[in-house]
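Everything on this sheet refers to the single structure shown next.
Computed from the coordinates by the stated procedures, all read-outs in this text should not be read as laboratory data. Keep in mind that what you see is a predicted model, and the values were worked out from it rather than measured. Methodologically, a virtual Cβ is constructed for each residue, glycine included, from the backbone with ideal geometry; neighbour enumeration extends over all protein chains shown.
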Amino acid sequence: MAKTSNAHAARDVDDFELVSDQPHDECGVFGIYAPGEEVARICFFGLFALQHRGQESAGIAVSNGKSLLLHKDMGLVTQVFDEDSIAHLIGNSAIGHTRYSTTGSSVLCNAQPIISTSVVGDIAVAHNGNLVNTEKLRLEIKTRNKPLTISFDALKDKLCENFVLGRAQWRNLTDR
């Protein structure tokens with residue numbers, strides 16, 4: 001019987017990365033614009049469907065075009081939201097987030113979405129990704145003599161927000 005060559009069969013077990021049985025995904029982000037609908041409830045179900053993408057924290061921000069409401073906490077989507085919290089999130093658009101940390105610690109200040117008030121109005125930001133130059137940006141901010149007491153994830157979120165706002169030419173929230 002002739003021998004056949006199989007490169008994979010010759011590999012040692014040590015050549016393969018051992019993977020735990022824990023989920024290894026990145027954050028889940030869900031957004032909706034649906035005037036007249038219960039956008040927070042729809043966003044909740046969207047996040048529930050994306051729960052496998054992040055199990056550390058969950059959050060939803062809703063907008064009525066003039067102001068933002070936010071609810072977020074540590075835990076699974078079904079632990080963070082109940083009927084009361086969903087009922088209080090009234091608006092015509094929503095963005096939700098389930099977090100799987102790739103950097104930073106698993107603490108509430110790193111949960112998303114984040115909201116901020118700026119010269120162009122309120123903004124909510126949720127994202128899935130990492131900034132590769134966080135340390136350089138942190139040092140640049142420190143040299144401006146501004147206090148910096150936030151984590152890398154919170155810094156990343158604020159930088160993301162500033163990136164969006166720095167290029168915004170909108171007159172009001174409905175122009176976005």
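In table form, for the structure just shown:
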{"item": "³J(HN,Hα) computed for each position of the stretch 78-94 - Karplus, 6.51 cos²θ - 1.76 cosθ + 1.60, integer Hz, glycine/proline x", "result": "6, 8, 7, 10, 10, 4, 5, 5, 5, 5, 7, 9, 9, x, 10, 9, 8"}
{"item": "Length added when fully stretched, Ala87-Thr102, from 0.36 nm per residue minus Cα-Cα", "result": "2.2 nm"}
{"item": "Point-to-point label distance, Asn133-Cys109, nm (Cα→Cβ direction, 7 Å offset)", "result": "2.5 nm"}
{"item": "Cut-off 15 Å between beta-carbons: net charge of the residues surrounding Ala40, Lys and Arg +1, Asp and Glu -1", "result": "-4"}
